[in-house]
Amino acid sequence: MIRKFCSLVFCVVALLLLLAGCSSHPPSAAQFMNVKMDEDKQGGSLVVGGVLKSGDVYRGRYKFERDYISAEGAGNLDISLFYRYSHLVFGTNIENLSFRGVAGWRSKYIGIQFWGGSSINPVGRDDAPVYGGLMLIEEYPINANVRIGASEHISRNGYFVDENLGWGSTYSTGFYNEFGIGSYFGYKNFSIEFRYGREIGEPRNRIYFMMHYAFFN
């Protein structure tokens, strides 16, 4: 009984830590389109990769509170687990330790990807605690192994904020809205991707470099 109770407490604490401060940026377009598309068949894939960010990422003092420290970060781990049935694709994506759902539809040349999640502790107490977005993807398969593509997205992104109030660290989530474009190159299950994002309402620009590989695809 004690062991079960301790396991339950551990799971609850772990979940709260995962959701307390969440980071979220648009997921890979290349790997969404890489999920195999076979009529009336099902399957899945595990995608592992990383993202590097440069430009006007939030670092240092949080934009609204001088005592808060923002940490959007220069990079993150990116893991996706996809399941597909015919043209439909859905699954989950993990950015660092933040979970979000992914769903969409793809054909040979066109894809539409949705994603979203929630934080239990937004730094702006009146902010909607959700993040996510919509992405349109266009792909041109050069041959059976090589493909190139482009993407356009609009999203509500999230990043960690450390509320340094003198009693230790309390992690929250800051948000901003973004629109952007991208391009990618894929060879079999490997892909590299470049993306530009422009923050809505602020003169801030971000460049993303992404690299991923799909297993069991």
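The values are calculated or read from the model by the stated rules, or taken from the named source; none is laboratory data. Quantities reported herein were computed from a predicted structural model and do not represent experimental measurements. Quick note on the areas: whole protein, heavy atoms, side chains included, nothing else; ligands and nucleic acids left out. Shrake-Rupley method; radii C 1.70, N 1.55, O 1.52, S 1.80 Å.
Miscellaneous remarks
- Annotation: the stretch 113-217 has a Kirkwood hydrodynamic radius of 15.9 angstrom, from the mean reciprocal C-alpha pair distance.
- Note on the stretch 170-217: along the principal axes its Cα atoms extend 38, 29, 13 Å, ordered by decreasing extent.
- Rolling a 1.4 Å probe across all protein chains gives Lys36 an accessible area of roughly 90 Å².
- Accessible-area value, Thr173, 1.4 Å probe, nucleic acids and ligands omitted, Å²: 0
- Computed over protein heavy atoms with a 1.4 angstrom probe, the accessible surface ordering of Tyr171, Tyr131, Tyr83, largest first, is Tyr171, Tyr83, Tyr131.
- Ranking by accessible area, most exposed first, for Phe114, Phe32 with a 1.4 Å probe: Phe114, Phe32
- For Arg106, Arg204, Arg125, the ranking by accessible surface with the largest value first comes to Arg125, Arg204, Arg106, using a 1.4 Å probe.
- Per-residue SASA remark: Val51, around 10 Å² accessible (1.4 Å probe; ligands, DNA and RNA not included).
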